[in-house]
């Protein structure tokens, strides 16, 4: 009997914030969530000023470090949308990932991170509280939709 159902294949993979878009040439680091609260999947993060092994939502006061990857915790926690306090956090440094965008984006546009939310906008935005990251949109999307972003950040 042929196997016709594979968990994690493109046909049954659920899209969501922080889900890898393509697997080749991917690099992620493991850091800690020491924010005292929840850290969502698919948001930009920076290292905390108190601990270089911990991350917090990007707010423009530090250097953009990467994007949190979606994880499934255990065999039954399929509804998780982020990391609880004191959990290890997978942070994408190189690769493609689905993220929520705050305004309409077009494939090919460069990506900027919003300093107030850690979410993403096109470089052409009129918003001024942003910082450029080394990334590009691979798909187009409307405001509050998911877009595929490719980032390539230096090794740390």
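Please identify, among 66, 142, 21, the residue showing maximal mean-square fluctuation in a Gaussian network model of the chain using a 10 angstrom Cα cutoff.
Highest fluctuation of the listed residues: 142.
Any idea what log10 I(q)/I(0) is at q = 0.10, 0.15, 0.17 Å⁻¹ for the chain, Debye with uniform C-alpha scatterers and no solvent?
With one equal scatterer per Cα and no solvent, log10 I(q)/I(0) is -0.34, -0.75, -0.95.
May I ask you to list the residues of the stretch 78-110 whose amide nitrogen lies under 18 Å from a point 7 Å from Cα along the Cα→beta-carbon direction of residue 124?
Backbone N within reach: 101-110.
To make sure I understand, if each residue's beta carbon is the centre and we count other beta carbons within 10 Å, what order do 59, 25 fall in, fewest to most? Intermediate values should be presented prior to the final figure.
Details: 59 17, 25 10.
Going from least to most buried by this count: 25, 59.
Throughout, read-outs are computed from the coordinates displayed, never taken from laboratory work. Model, not experiment: these values are computed from the prediction. Note that we place each Cβ from the backbone using ideal geometry, even for glycine, and neighbour counts take in every protein chain shown.
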